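**Student:** First the structure, then my questions, so here it is.
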């Protein structure tokens, strides 16, 4: 990071990685960090020292991403680690998630805020059970962009047909799950092919390298089609001589745009008013959009407090006390029917009861097991929850932020379960005409 | 499709795309407001270092035009740079804030803590910090820690649960999904909150430049009497340096981090403006901790061990 162009990197991409053990994920991440010159001399020296003390030849780039002592001792990754790097075009936040079967919750955690997921497969093994799990999680979490990195191409003699076969099989599977976009890239993380630099061994591949794709994938959404949502975090009332009557509703816009003059409704009370002003951290604006943190001023003095949701009057979600959702259970203690919990949605936390667990989902083959009785750590299932108060929930497919919730154990505060309101998977997109493609996008 | 993607994302994208600094700022403000909404007695750890200064700036913006609903806590090692203490007191007065000071020197004077043989007081901060959190009943404690600083920090949560001894147990940390932070804690426990989790050193400096935030002078190049220890320039002073065999010389230096004088190293620099500092950092091939913190060089897990014990 040395040029002035690199200093003006303007947008931010949050992405996640997933791969089975030995697919070379740590090497890929190490390679991205190393080849984008985000690894600094002292970090590299530390890796070289550690590699040497383990009797390894040359620096093991995987060590760059092993954080905790327990992980180094066991040679595994037990938790989501966040990495940061930048290029001339973009700043990246990478949620590096381990691939072990028992750590579904980490993949779910990493994917929850990601706009893109890189799924690794070993070119020699192709699409395996784990790959299907990773694709299913990306689909469940509605990650907008999926990259399939077919790694270790050097070990299959850089054969186009090996790559094409895997890419086709994966894309067919992901499309069936409703993944809107898959980009397949043949790479060798170890040799550096198509990670940062284009490969000299795969003339047949005309698409982008992994880094090129990360740099160019669109990060903004079509906000015109999003429902505007502002969960109220805090009411700002200075009550000073200078601002005796100021009353502002502070929050981060969870979806869509708000404009001065918009008729809005406050939920769950249902009271209506208009946006009188929008303040973006000290700067008055006419329009504000997600994910800006703003303070809204309203025309009428109505009773609003933390936990309320401000929405456009013409586009208000229904409020409900009965929520049906797909959940990933993340705690060690199980979730059972009848469990009394707290449910946090947006900025509101309410009491709730788990009324039913209609099914548990096996990610490997997407089979449903009816009435499992309970969900244990890393289980994905369907639950029905009854809340003590009505909540304005969206479907997760429409709004990742206002369609999601967590369940909390009221006795010890443990985060039990991550929930996504509505149907598990999107219906597959109609097949698009890809005759104008110049790369390996399926 | 790759062609189409490139065409769409040319330049900075649509008018509805935030710059990376705006996105990071918005995220940090959201975190401050969540804590204000859910906790009884939050406090900001304020050392007068650049990260805590940026935290305070964000907190001021998050609640304007009202006052910041938190007080400040400084763990004073007794080996502070005078320029930093002066900055701290001036800032507290300017914004009419309440400052708590936990003094390592008091603990040494009372015989509760013992001076270490290497003269470093950084690890000694944990006990005064923990006891002040307990005695003042603080339930949320904002720290300026960033995940890019160190690899044990890379696995830190934004809301990091601590037991009544302030201990960090990586296996007890709660998964953080979407922007749904879980701040539930038992009486006596508290939550460390890191609003700058996703910022890098360069982001912090770019933000300081963009917002024209004033910093203590020691962050800019100046002449100072220093001596070499463990590959770093340490400032000469009463705290225990230089020892025999270490020679003092006058050099043009600046600080990349601000901590206890006994273990915070300076770097050779002629950067006197923010722009020059940013250019220098962008070109640096060393991390800020690698360049300036003696205590992190002790072992592969030095930070992990300090964090477990309740360090920042």
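Computed from the coordinates by the stated procedures, all read-outs in this text should not be read as laboratory data. Small disclaimer: the values here were computed from a predicted structure and weren't measured. Cβ placement follows ideal geometry from the backbone for every residue including glycine, while neighbour counts extend to all protein chains displayed.
**Student:** At q = 0.10, 0.12 Å⁻¹, what log₁₀ I(q)/I(0) does a Debye calculation on the Cα points of the stretch B:103-256 give, no solvent, two decimals?
**Tutor:** Those come out to -0.54, -0.77, one per q.
**Student:** How large is Rg/Rh for chain B, to two decimals, with Cα atoms and a Kirkwood Rh?
**Tutor:** Numbers: Rg = 20.0 Å, Rh = 20.6 Å.
Computed over Cα atoms, the ratio is 0.97.
**Student:** Follow-up question, since we're still on this one. So what are the three principal axis dimensions of the stretch A:283-340 from its Cα atoms, in whole Å, longest to shortest?
**Tutor:** Between the extreme Cα coordinates on each principal axis of the stretch A:283-340 lie 48, 23, 21 Å.
**Student:** Here's another thing I want to ask about it. What's the exposure ranking of B:117, B:160, A:367, going from fewest to most Cβ atoms within 10 Å? Walk me through the numbers on the way to the answer.
**Tutor:** Numbers: B:117 7, B:160 23, A:367 10.
Result, fewest neighbours first: B:117, A:367, B:160.
**Student:** Taking the 0 to 90 degree range and rounding to the nearest ten, how far is the long axis of helix A:25-35 tilted relative to the main principal axis of chain A, both from C-alpha atoms?
**Tutor:** 90
**Student:** Right, something else. Determine the principal axes of the Cα atoms in the stretch B:107-147, then give the extent along each, sorted from largest to smallest and rounded to whole angstroms.
**Tutor:** Largest first, the stretch B:107-147 extends 33, 28, 8 Å along its Cα principal axes.
**Student:** Just to be sure I understand: of the beta bridges DSSP finds with both ends in chain A, what percent are antiparallel, rounded to 5? Don't skip to the answer; put the middle values down first.
**Tutor:** Values: 77 of 101 bridges.
Expressed as a percentage, antiparallel bridges in chain A total about 75.
**Student:** Kindly work out what percent of the DSSP beta bridges joining two residues of the protein assembly as shown are antiparallel, to the nearest 5.
**Tutor:** Approximately 70 percent, going by the DSSP bridge assignments.
**Student:** Next question, about the same structure. How big is the antiparallel share of DSSP beta bridges in chain B, given as a percent to the nearest 5?
**Tutor:** Values: 20 of 34 bridges.
Counting only bridges with both partners in chain B, antiparallel ones make up about 60 percent.
**Student:** On to the next question. Sort out for me the Cα centre separation of the stretch A:121-182 from the stretch A:251-273, rounded to whole Å.
**Tutor:** Cα centroid of the stretch A:121-182 versus Cα centroid of the stretch A:251-273: 41 Å apart.
**Student:** Need one number: the % of Cα-Cα pairs in the stretch A:123-265 sitting beyond the 23 Å mark. Walk me through the intermediate numbers first.
**Tutor:** Values: 5537 of 10153 pairs.
The calculated P(r) of the stretch A:123-265 puts 55 percent of pairs beyond 23 Å.
**Student:** Would you mind telling me which residue in A:300, A:308, A:379 has the biggest mean-square fluctuation in a Gaussian network model of chain A, where springs connect alpha carbons within a distance under 10 angstrom?
**Tutor:** Result for chain A, Cα springs under 10 Å: A:300 fluctuates most.
**Student:** For residue B:41 and residue A:269, FRET efficiency with R0 = 35 Å and r from the beta-carbon atoms, rounded to 0.05?
**Tutor:** Values: r = 30 Å, r/R0 = 0.85.
E(calc), rounded to 0.05, equals 0.75.
**Student:** If you don't mind, another one. If you average 1/r across every pair of different Cα atoms in chain A and take the reciprocal, what Kirkwood value do you get, in Å? Mind dumping the intermediate values first?
**Tutor:** Details: mean 1/r = 0.0422 Å⁻¹.
Computed over chain A, the radius equals 23.7 Å.
**Student:** Now for a separate question. Quick check: pseudo-label points 7 Å beyond the Cα along Cα→Cβ at residue B:99 and residue A:155, how many nm apart are they?
**Tutor:** Between residue B:99 and residue A:155, the label points sit 5.9 nm apart.
**Student:** Separation between the residue A:299 and residue A:260 pseudo-spin-labels, each 7 Å from Cα along Cα→Cβ, expressed in nm?
**Tutor:** 1.4
**Student:** Also: For chain A, find the longest principal axis of its Cα atoms and tell me its angle to the long axis of helix A:129-140, 0 to 90°, nearest 10.
**Tutor:** It works out to around 30 degrees.
**Student:** Do me a favour and compute the ellipsoid semi-axes for the protein assembly as shown from its Cα gyration tensor, root of five times each eigenvalue, largest one first, whole Å.
**Tutor:** On the way: eigenvalues 314, 231, 128 Å².
Semi-axes (√(5λ), whole Å): 40, 34, 25.
**Student:** If you don't mind, another one. Let's test the formula: R0 of 51 Å, r as the Cβ-Cβ distance of residue B:112 and residue A:320. What FRET efficiency results, to the nearest 0.05?
**Tutor:** Numbers: r = 56 Å, r/R0 = 1.10.
My answer for the efficiency is 0.35.
**Student:** Quick one: Cα centre-to-centre distance for the stretch B:62-129 and the stretch B:175-239, in angstrom?
**Tutor:** 14
**Student:** Using only Cα atoms, what is the ratio of the radius of gyration of the stretch A:319-421 to 2.2 N^0.38 Å?
**Tutor:** On the way: Rg = 12.6 Å, N = 103, 2.2 N^0.38 = 12.8 Å.
Against the compact-globule rule of thumb, the ratio is 0.98.
**Student:** Quick check: residue separation of residue A:356 and residue A:412 times 0.36 nm, minus the Cα distance between them. What number comes out in nm? If you can, show how the numbers build up before the last one.
**Tutor:** Numbers: separation 56, 0.36 × 56 = 20.16 nm, distance 2.26 nm.
Taking residue A:356 through residue A:412 to full extension adds about 17.9 nm, to one decimal.
**Student:** Can you sort B:162, B:210 by how many other beta carbons sit within 10 Å, fewest first?
**Tutor:** Values: B:162 21, B:210 13.
Ascending Cβ contact count within 10 Å gives the list B:210, B:162.
**Student:** Taking each pair of distinct Cα atoms in the stretch A:224-315 once, what is the resulting Kirkwood hydrodynamic radius in Å? Could you put the intermediate results ahead of the total?
**Tutor:** On the way: mean 1/r = 0.0772 Å⁻¹.
One decimal place: 13.0 Å for the Kirkwood radius.
**Student:** Based only on other Cβ atoms within 10 Å, what is the fewest-to-most ordering of A:271, B:184? Mind dumping the intermediate values first?
**Tutor:** Working: A:271 15, B:184 21.
The order, fewest Cβ neighbours first, is A:271, B:184.
**Student:** Once each part is reduced to its C-alpha centroid, what is the distance from the stretch B:244-277 to the stretch A:287-329 in angstrom?
**Tutor:** 49
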